[in-house]
Every structure is written in structure tokens, then in C-alpha cells.
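Enquirer: Structure below; questions to follow.
The values are calculated or read from the model by the stated rules, or taken from the named source; none is laboratory data. The shown structure was predicted, so the numbers you read here are calculated from the model rather than taken from an experiment. For neighbour counting, all protein chains shown are included, and Cβ atoms are generated from backbone atoms with ideal geometry for every residue, glycine included.
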Amino acid sequence: MSSKEEQSPLRARLPLLAAALAIALVFIALNYRAYDGYFQDDELDNISWAPRVTPAEFGAAFAKPFFDVSNFRPVGHLYFALMGAEFNEDFPPYMTPVFAIHLINGLLLFLLLRRLRVGDWHALAAVAFFLLSASAFDAYRKPMYVFDLLCTCFSLTSLLLWSHRRWVLSFVAFWCAYKSKELAVMLPLALLAWEHWFGDRRYLRLIPFLLVSLSFGIQGILLNPNKDNEYTFRFNWQALAATVPFYARRIFLFRGSGLLLILLLFIGDRRVLFGLAATACFFFTLLFLPGRLYEAYTYLPLACIAIALAAFATRTKPAWAWLVLALWMPMNLRHLRAEERAALAADDNAFAFVDSINHWAAKNSDITTLIYDGLPSGFHNWGASAAWNLAHRTLHLFAYYRDLPEAKQALASRAVAWAEWNDAAHKLTVTPRPKN
């Protein structure tokens, strides 16, 4: 075979590779301002303690087959341990791995679609929808949702390995997905759907997956320490009345848009049915958590929706799929820009709060208790405590809201730092207050 003939397959794929590169560059161009952001309370909390967890503790948490009541997710928290140890509160470096994992997920989605015999250009259009969509905006814009990114990464990897009959490696990827986020507990049902429609229906191979899923699921329900708060599962119609409209709107970014997917049930394509079944699997637990309505949680189901859409699009020429994507993109961009403005404004407030604490603590390290009067919108008490501890490079100091009994006791017993947040001026004022 001549060298010219050997090069022809690669040459034929150059337009596809160029288009894939263009999608990645468009994603970066649309989202580069994420590097101008800053940490929110959950991220600060993770940075304050994750770097202090030993490798042995990470290994034990990863290996143990038990539900963790402390919500320690070793695969996801390893990101905060490594980044926190290296970069502390320097925000921009945290975004590069987040972007990278998101793009890797796009590649995994493409490979999975090719296993389903979806054509290159149809598959790439679905990947573009997944990568560029504002539906799960926070997932690829905030380090806190690296758990969702990694859960999706390992879930897609598990499906891909299963499709190649790499059963053991698929199980390892499933375990990593669960240890990234508990949403992966439903992954074995997606694998079951794959085996039913595309495998040789040797369901016994799924027994280890299903047993692990059942074990973690039962433990999660029985051992869940959240009995009556936003983390509590509520298996009732009131929960669905809150969650279904929220997630249905997130899919295509207009009211009820996700319900349009029901129409795809009548297509009769196994690939479409698989995408919808996987979507239902991963949405199931989310639909009964009305207290935790976050757009980032749409991320893994969105990848499955992209599978169903790509399979449906194969009934037409690729140009029609790209045309529909182009017509939808202006609305998508409006949502992306609106959410970007809101996110950056919240991040500016968080930075103003934390930066003032850092400057004050550097000059008054002898005062170890913080009493605060007000926080930036959306910021919580654990964020204030984390910021205070990070400023002192420790883990055991305390920050209290002014009306708490602990705050009044601290004011009566020792000198404290008194912090007042001015929401209108976006400014935190910290002053020393001697013992009452």
C-alpha cells in the first residue's frame, strides 16, 4: 500500500477533526470569563479541609463499600485536595481541570455514539449541543460541581467499556463514578438497558453492579442523616410538582421543553430508547429532592439526552441537525450570558468578603474568633467559617452569626473580630471588638 493510500483515511477525517477542534475553541471563547470568577462557600469549605486529608484516608474512603454519612466523595474531593495544596485561594488554576474534564466528557460521548453506529457528523452535532449548552451552566463554570463532571466522566467511561465487553474495567469505572457522586447509583440500570438492546442479554454479568447499587441505595435511604431538610428525599407528588417543571425547563431552556422528549418514545429506535431510559435513570433520584434544585445536576442526564437526540437525528441528513442546533444557539447564548453576569456578580461579592477577611487576619492574627453581621447573597455560614480558617491557615477556628448564643458567649469572654457586610456597597468592614 502506498503512503498516499495510508494517509487517505486520516485526510478524510480532517474536516471532522477540524470541526471538533472548532467546537472546543468555541466553548473556551464562550466561557473564558469563568477565569474571572471566585470561590463560593462550598468551594472554600472543601479547600479548607480537603488538603489535610491523608492519602491513607482517601484510599480507605475509596475502597470501603459503605455509604458515607459525612458526604465525603474521595474521587471528587481529591481534586480539592490537590488543587488546594498547590494553589490555595488562587482561583484561575482551578478552572483549567474543570474545562478539561468537560471537554473529555464530550469526547467520551462522541465515542459512545459511534459505538451506537451514529454517524460522525450527527454525533458531533450532539456533542456540540452537550458542550455548549447553558442548561447545566454551573457544572462547567464552578469548581464545586467537579463532582458532577467526574461522575459523568466515569459513568460514560463505564458505558463505553461495557460496550467493548470490558466488564471488570467497566465495574471499576462505575465504582469511581459513585465515589465521585452518589447519582451514579443508578448507572447499573443504564448498563442493563444497554445489555438488553445492544448486548447478548447475558444479564448475570450485571449482578455485581446491581448488588453494589442496591447496597448503596438502601444504605443511602436508611443511613441518611438528613431527616427533614433540603437533602431529604420526599417521595410524593408535591416533590414532583417542584422538580419536574424545574428540570423540564433546563433541557432546552424554555418552559416545559424537556417534556418534548416524550415524543421520541414513539420513534421505535433502540438507540433513542436507550438514551431516554438512561436519562430517566439519572433523573429519578433528582426528582424526589425538591430541596436541591440546581441546574448543574442536569449535567449527566443532559449527556444521555444528547444520545437520544443524536439517534433521532440519524433519520435525516446531518445538515438538518446542525441547522436546528444553529437556530437554537441564539437563545442558548442569551441564557449563558445572563447566567454568566449573575455568577460573576456573586463571585465579586464573595471575593470582597473573603479578601477583607484575609487582609484583616494578616494584621490581627491574635484574634481567632469572627462574629459577622450579614453575608453576601447566597453565601452561608460554613463559607464564613472556611474563609476565616483559610485566613489563619488552620481548621479549628470559629465564625458565628451575631445572634447565635455562641456569638454572645464569645463577645462576653474574649476579643473578637466584628465583621459587617454592606450589601449595597458590596463591602465587608472588619473591626476589633474587645471583651464586653
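Enquirer: If you go through segment 198-232, how many residues are in contact (Cβ under 8 Å) with a residue 40 or more places away in the chain and surrounded by 15 or more Cβ atoms within 10 Å (Cβ to Cβ)?
Expert: Of the residues in segment 198-232, 6 are in contact (Cβ under 8 Å) with a residue 40 or more places away in the chain and surrounded by 15 or more Cβ atoms within 10 Å (Cβ to Cβ).
Enquirer: Just the residues that are free of Cβ contacts under 8 Å to residues at least 60 places away in the same chain and not in a helix (DSSP H, G or I), please, taken from segment 303-328.
Expert: ARG315, THR316, LYS317, listed by residue number.
Enquirer: I need the full set of residues from segment 163-191 which are buried (at least 21 other Cβ atoms within 10 Å of the Cβ) and not in a helix (DSSP H, G or I), in order please.
Expert: LYS179, SER180, LYS181
Enquirer: Determine if segment 370-386 includes at least one residue that is aromatic (Phe, Trp, Tyr), under 20 Å from ASP45 (Cα atoms) and within 28 Å of the chain's Cα centre (by Cα).
Expert: yes
Enquirer: Which residues, taken from segment 56-81, are more than 18 Å from the chain's Cα centre (by Cα) and either more than 16 Å from ALA177 (Cβ to Cβ) or basic (Lys, Arg) (or both)?
Expert: Passing the criteria: ALA56, GLU57, PHE58, GLY59, ALA60, LYS64, PHE66, VAL69, SER70.
Enquirer: Follow-up question, since we're still on this one. Which residue out of TRP328, TRP360, TRP320 is touching a strand residue (DSSP E or B) at 6+ places or on another chain (Cβ under 6 Å) and surrounded by fewer than 23 Cβ atoms within 10 Å (Cβ to Cβ)?
Expert: Step by step, each of TRP328, TRP360, TRP320 is checked, and only TRP360 is touching a strand residue (DSSP E or B) at 6+ places or on another chain (Cβ under 6 Å) and surrounded by fewer than 23 Cβ atoms within 10 Å (Cβ to Cβ).
Enquirer: To continue, here is another question. Among (1) in contact (Cβ under 8 Å) with a residue 40 or more places away in the chain; (2) farther than 30 Å from ASN381 by Cβ; (3) hydrophobic (A, V, I, L, M, F, W, C), there is one condition ALA343 misses while meeting the rest; what is its number?
Expert: Evaluating ALA343 over (1) in contact (Cβ under 8 Å) with a residue 40 or more places away in the chain; (2) farther than 30 Å from ASN381 by Cβ; (3) hydrophobic (A, V, I, L, M, F, W, C) leaves (2) as the failure.
Enquirer: Among the residues of segment 283-317, write down those that are of a type in the set (Phe, Trp, Tyr), out of contact with any Lys or Arg (no Cβ under 7 Å at 6 or more places or on another chain) and either farther than 27 Å from THR157 by Cβ or surrounded by fewer than 24 Cβ atoms within 10 Å (Cβ to Cβ) (or both).
Expert: PHE283, PHE284, TYR294, PHE312, listed by residue number.
Enquirer: A further question on this structure: Considering every residue within segment 43-63, establish whether at least one is of a type in the set (Val, Ile, Thr), within 26 Å of TRP162 (Cα to Cα) and surrounded by 21 or more Cβ atoms within 10 Å (Cβ to Cβ).
Expert: No, that holds for no residue.
Enquirer: When you scan segment 88-98, do you find a residue that is in contact (Cβ under 8 Å) with a residue 24 or more places away in the chain, in contact with a Phe, Trp or Tyr (Cβ under 8 Å, 6 or more places away or on another chain) and of a type in the set (Asp, Glu), even just one?
Expert: Looking through segment 88-98, at least one residue is in contact (Cβ under 8 Å) with a residue 24 or more places away in the chain, in contact with a Phe, Trp or Tyr (Cβ under 8 Å, 6 or more places away or on another chain) and of a type in the set (Asp, Glu).
Enquirer: Step by step: first the residues of segment 15-32, then only those that are surrounded by 14 or more Cβ atoms within 10 Å (Cβ to Cβ) and at pLDDT 95 or above, then the one that is nearest to TYR294 (Cα to Cα). Which residue is that?
Expert: The qualifying residue nearest to TYR294 (Cα to Cα) is ASN31.
Enquirer: With the requirement that a residue be assigned to a strand (DSSP E or B) and either of a type outside the set (A, V, I, L, M) or in contact with a Gly (Cβ under 7 Å, 6 or more places away or on another chain) (or both), what does segment 379-436 give you?
Expert: Across segment 379-436, the qualifying residues are PHE398, TYR400, TYR401, TRP418, GLU420, TRP421, ASN422, LYS427, THR429, THR431, PRO432, ARG433.
Enquirer: Now for a different question. Enumerate the pairs (first residue in segment 238-267 and closer than 14 Å to LEU293 by Cβ; second residue anywhere and among the basic types (Lys, Arg) and loosely packed, with under 14 Cβ neighbours inside 10 Å) with beta-carbon separation below 8 Å, excluding pairs fewer than 6 apart on the same chain, so at least 6 apart or on different chains.
Expert: PRO245/ARG255; ALA248/ARG255; ARG249/ARG255
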